[in-house]
Amino acid sequence: MNAKKILALALMVIMVFTCSACTTIELVIPVGNVPAVNTGANTDTAPSQTTPEATTQAPVQTTPEATTQAPVQTTPEVTTQAPVQTTPEETTQAPAASTGMPSSKEEVIKYYCDAYNKMATEAKSVTRTYDNTTNYKGILNINNNSTLQGLASSLMTQFMKENTEQVAFTVADLPPEGHTTINIDPSLLSSATCTDKGDYYEIVLKSTGTDDNYEVDSKPLTGSAGSIGPLLDPEDVSSAAAGVVKFDGLHAWYATCTTTVKVDKATGRITDFEFNSPCILHFDQVTALGFIKVQNCDIGLLFQPKYTIAY
């Protein structure tokens, strides 16, 4: 993130406030937009007719045959067939189904993290090939004062410029900044998809914030936007303006941030990054020169850097 550019922008806007306002003007930003997601035989005839003969013949003719046939014919057949046919087939097929391109959200995120961690140990160089910061969706709310907004907009065009100069970076400079190995909890992201592009996979990750429900003050690897994209640190703005401008309630609000990467199929290496990170820099109140106060100001920023990785 080009912190100097953003800091210069914020300070220039504040200087406009200093020159053009001396009273408090209020713009109410809808708070609702802020984020705040189960059996027997007949016993009467048997004794009277055939008691002697029946008692001698029954055990000789029937008892041995009945007891010897039952276990020989039925028991062995049932117990030997079941385990032989079903158990081996089920256990050998399962592993084969898990190979190939990642498909589920969890699989894609794991694949991305593995590729990122591989990059951390194998990359020879990281180059930023493109950088652009623009005014996100025309958001520029400065007390609803048309004069101040016009001047601030003019100043923004001087600082928000497209940059195609190639700049050397390191893996630690890539989002999430300061981390060279990552492990992203799938619940942090709204979606993760993978598309087969021939020689490479294209992976697209999206954060949970929206224009109707911003994610506030995301952090690297602990926030949704911060897990996949560049962040604007409000403390950088406050530190640069210390002694000149006082900020009360300075926040970074994130809409849907998108990260697109290319991963070489043969090596599992990330070769390209492309980020699209919309952020609203929000000020609850700005005080200049101790008495000029402006409340509830918003500046929309869209960061779009691109990087290539060499191995």
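By how many nm would the segment from K161 to C113 lengthen if fully extended, with 0.36 nm per residue of separation less the alpha-carbon distance?
14.1 nm
Tell me the label-point distance for the pair D173, D284, using the 7 Å Cα-to-Cβ offset, in nm and rounded to one decimal.
Placing both labels 7 Å beyond Cα along the Cβ direction yields 3.5 nm.
Going down the list K110/K306; K219/K246; K219/K293; K124/K306; K118/K265, which pairs span over 25 Å between their C-alpha atoms?
K219/K293
So the label point goes 7 Å from the Cα of T180 along Cα→C-beta, right? Which residues of the stretch 213-237 then have their backbone N under 18 Å from it?
Hits in the stretch 213-237 for T180 at 18 Å: 221.
Can you order the peptides 158-165, 126-133 by their average number of other Cβ atoms within 10 Å per residue, highest first?
In decreasing order of mean packing, 158-165, 126-133 become 126-133, 158-165.
Taking the Cα centre of the stretch 189-311 as origin, work out the dipole magnitude from +1 charges on Lys and Arg Cβ and -1 charges on Asp and Glu Cβ, in debye rounded to 20.
200
Scan around R269 for amide H atoms under 5 Å from its own, H built in the peptide plane at 1.01 Å from N, and keep only partners 5 or more places away or cross-chain.
Long-range HN contacts for R269: D264.
Starting from the Cα-Cα distance between F291 and D264, subtract it from 0.36 nm times their residue separation and give me the gain in nm to one decimal.
Stretched fully, the F291-D264 segment lengthens by 4.0 nm.
In 5 Å bins starting at zero, report the fraction of Cα pairs in the stretch 175-311 per bin as a rounded %.
Computed distribution, short to long bins: 2, 10, 16, 20, 16, 12, 9, 6, 4, 3, 1, 0, 0.
Size of the stretch 106-210 along its principal axes in angstrom, Cα-based, largest extent first?
Projected onto its principal axes, the Cα set of the stretch 106-210 covers 51, 32, 30 Å.
Grab the beta carbon distance between T121 and S187, set R0 = 35 Å, and tell me the FRET efficiency rounded to 0.05.
0.80
Cβ under 10 Å from K306's Cβ, K306 left aside: what net charge do those residues give with Lys, Arg +1 and Asp, Glu -1?
-2
Every number in this text was worked out from the coordinates using simple rules, so none of it is lab data. This structure is a prediction, so every number in the text was calculated from the model and none was measured. Ideal geometry is used to build each Cβ from the backbone, glycine not excepted, and the neighbour counts take in all protein chains shown.
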